[in-house]
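A.B. asks: Let me give you the structure first, and then I'll get to my questions.
The values are calculated or read from the model by the stated rules, or taken from the named source; none is laboratory data. Just so we're clear, the structure is a prediction, and the values are computed from it rather than from any experiment. Glycine also receives a Cβ, built like all others from the backbone with ideal geometry; neighbour counts cover every protein chain displayed. Ligands, DNA and RNA are stripped out before the accessible areas are found, and what is left, the full protein with its side chains, is counted by its heavy atoms. Shrake-Rupley method; radii C 1.70, N 1.55, O 1.52, S 1.80 Å.
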Amino acid sequence: QVQLVESGGGLVQAGDSLRLSCAASGRTFSTMTMAWFRQAPGQKRELVAAVSWNSNTYFANSVKGRFAVSRDNAKNTAYLQMNSLKPEDTATYYCAAAPELIDIYTGTRTDWGQGTQVTVSS
């Protein structure tokens, strides 16, 4: 099991940027796929971005070209850089960790952080 702690959320205006961080402890961070999900009120949780152990990345269509995902294995930390934020990006953002990307998709063998709130005002 891995413990995940997100930080970096906040209230920003449309067009601003934010960087979320996810600090991990427990299992070997460098071998894991890290992912970011978000959930808005009344909506299903959706996968936003993911980065594999070898830095392959995935992005939801809604954030392509605006968000970037990265990891620093020396710091056991994953990041989500969010640029050109829109009001529809408002959600609670969750960090997730799993051995493989397929586990992220299926929700198996996946550990979760507690979430951090991002609010984008228009």
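A.B. asks: Quick one: what Rg and Dmax do you get for the chain from the alpha carbons, in Å?
C.D. replies: Every Cα atom of the chain included, Rg and Dmax give 13.3, 40 Å.
A.B. asks: So, R0 is 35 Å and r is the distance between the beta-carbons of residue 14 and residue 109; what FRET efficiency does that work out to, to 0.05?
C.D. replies: That pair, residue 14 with residue 109, gives E of 0.40.
A.B. asks: Taking the Cβ of residue 93 as the centre, find all other residues whose Cβ is under 12 Å away and add up their charges (Lys, Arg: +1; Asp, Glu: -1).
C.D. replies: Value of the local net charge: 0.
A.B. asks: When the helices in the chain are scored as -39500 (n - 2.57) per DSSP H run of 4 or longer and the sum is shared across all residues, what 222 nm value do you end up with, to the nearest 500 deg cm²/dmol?
C.D. replies: -1000 deg cm²/dmol
A.B. asks: What accessible area per residue, rounded to a whole number of Å², is obtained for segment 48-110 using a probe radius of 1.4 Å?
C.D. replies: Heavy-atom SASA per residue in segment 48-110 reads 47 Å².
A.B. asks: Right, next: What does the charge add up to near residue 14, with Lys and Arg as +1, Asp and Glu as -1, over the other residues with Cβ less than 11 Å from its Cβ?
C.D. replies: Value of the local net charge: -2.
A.B. asks: Can I ask one more? Would you mind checking which residues have amide H under 5 Å from residue 85's amide H? H placed 1.01 Å from N; only 5 or more apart, or other chain.
C.D. replies: 15, 16
A.B. asks: Normalised by the residues of the chain, what does the relative contact order come to in percent, with Cα pairs under 8 Å and at least six apart? Before the final figure, lay out each step's value.
C.D. replies: Working: 298 pairs, mean separation 43.4, N = 122.
Value for the chain: 36 percent.
A.B. asks: A follow-up question, please. About its Cα centre, what dipole magnitude does the chain give when the only charges are +1 on Lys and Arg Cβ and -1 on Asp and Glu Cβ, stated in debye to the nearest 20?
C.D. replies: Working: 11 positive and 9 negative charges, 14 e Å.
Value, rounded to 20: 60 debye.
A.B. asks: Please arrange 36, 53 by accessible surface area, largest first, computed with a 1.4 Å probe and ligands excluded.
C.D. replies: Sorted descending by solvent-accessible area, the residues read 53, 36.
A.B. asks: Among the lysines, which have Cα under 23 Å from the Cα of residue 44 when same-chain residues fewer than 8 positions away are ignored?
C.D. replies: 64, 86
A.B. asks: Across segment 10-67, how large is the tail of the calculated P(r) beyond 13 Å, expressed as a percent of all Cα pairs? Working shown, then result.
C.D. replies: Working: 1175 of 1653 pairs.
Across segment 10-67, Cα pairs with separations above 13 Å total 71 percent.
A.B. asks: If you don't mind, there's one more thing I want to ask. Could you please state how large a percent of the accessible area of the chain is carbon and sulfur, counting protein chains only and using a 1.4 Å probe? Please report the intermediate quantities before stating the final value.
C.D. replies: Details: 2900 of 6080 Å².
C and S fraction of accessible area: 48 percent.
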